[in-house]
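Asks: Quick one: structure below, then a few questions.
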């Protein structure tokens, strides 16, 4: 127990030293519902995670506390960069996902899971149950993993099918789904256009997907005009 507390205190001290008040204020505005933001910039957290990953990272993950936004973010980064088997990493991911309670931790965690590129089918199978989750950020995790690693020739049809069946009222789920669809459109325009003409998306997600497509610099002006014309009128 004494060693556990030593590890926890050491991490807290390091984070406190790296924190900057101006960045804390900035981050808190982006994450208004997230308490205990210290104000540590992400590159500094990544550097810390890489240092932890070189040492006894398993002991760190077992003793890590969730007392601040940065402490939770750091755990996710460590899980992403340690050297271990896919099954071992899945165990840590499974334990970490319930801790995700904001878009920043979610999206950063997904970005760090680059092992997915080496184990795409194993990770795909691991993700599928999360599409049944009723928890907003568990479902966002699954969607952001899709848009980060699976918008390709082999998976595009399944990606669109999975997103089409998402049913959740959470704002961050809908925004992730819209983001994913916009990326599908950029990479597979004809296929995704056909999907947009006939889908089961709720009005908010559908219209937000169209908006994100029109905001892309990779979509030409004529296509943007056509996409704008597809917007649904929402009855109040």
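Please treat every number below as a calculation from the coordinates, not as lab data. Only a predicted model underlies this, so the values are computations on that prediction, with no experimental measurement involved. Please note: Cβ atoms are built from the backbone with ideal geometry, for glycine as well, and neighbour counts cover all protein chains shown.
Asks: On a 0 to 90 degree scale, rounded to 10, what angle separates helix 203-215 from the longest Cα axis of the chain?
Replies: 90 degrees
Asks: What order do you get for 161, 24 when you list them from fewest to most C-beta neighbours inside 10 Å?
Replies: Listed from fewest to most nearby Cβ atoms, that is 161, 24.
Asks: Okay, next question. Hey, with R₀ at 41 Å, roughly what FRET efficiency would residue 8 and residue 117 work out to, going by the Cβ-Cβ distance, to 0.05?
Replies: 0.80
Asks: Can you give the FRET efficiency to the nearest 0.05 for residue 157 and residue 233, using r as the Cβ-Cβ distance and R₀ = 30 Å?
Replies: So the FRET efficiency works out to roughly 0.55.
Asks: Which of 141, 188 comes first, and how do the rest follow, when ranked by fewest Cβ neighbours within 10 Å?
Replies: So the residues, fewest neighbours to most, are 188, 141.
Asks: Helix 2-18: angle to the longest alpha-carbon principal axis of the chain, degrees 0 to 90, nearest 10?
Replies: Helix 2-18 and the main axis of the chain meet at about 60 degrees.
Asks: Tilt of helix 103-112 relative to the longest C-alpha principal axis of the chain, in degrees (0 to 90, nearest 10)?
Replies: 80 degrees
Asks: Suppose R0 equals 41 Å; then what is the FRET efficiency for residue 165 and residue 84 from their Cβ-Cβ distance, rounded to the nearest 0.05?
Replies: Given R0 = 41 Å and the Cβ-Cβ separation, E is 0.80.
Asks: With each run of n ≥ 4 DSSP H residues scored as -39500 (n - 2.57), what mean residue ellipticity at 222 nm is computed for the chain after dividing by its residue count and rounding to the nearest 500 deg cm²/dmol?
Replies: -20500 deg cm²/dmol
Asks: Report the gain in length on full extension from residue 41 to residue 226: 0.36 nm times residue separation, minus Cα-Cα distance, nm rounded to one decimal.
Replies: Residue separation times 0.36 nm, minus the Cα-Cα distance, leaves 62.6 nm.
Asks: Separate question: Please check: in the Gaussian network model of the chain (C-alpha springs, under 10 Å), which one of 145, 175, 77 has the largest mean-square fluctuation.
Replies: Sorting by GNM fluctuation, first place goes to 175.
Asks: Given the Cα-Cα distance of residue 65 and residue 190 and 0.36 nm per residue of separation, how much length would full extension add, in nm?
Replies: 40.3 nm
Asks: Further question: Place a label point 7 angstrom from the Cα of residue 16 along the Cα-to-Cβ direction, then list the residues of the range 34-70 whose backbone nitrogen is under 19 Å away.
Replies: Residues 36-41, 45, 48, 64-70 fall inside that zone.
Asks: Which of 168, 155 comes first, and how do the rest follow, when ranked by fewest Cβ neighbours within 10 Å?
Replies: 155, 168
Asks: I would also like to ask the following. Semi-axes of the equivalent ellipsoid for the chain, please: Cα gyration tensor eigenvalues, times 5, square-rooted, ordered largest first, whole Å.
Replies: Equivalent-ellipsoid dimensions as semi-axes: 36, 20, 15 Å.
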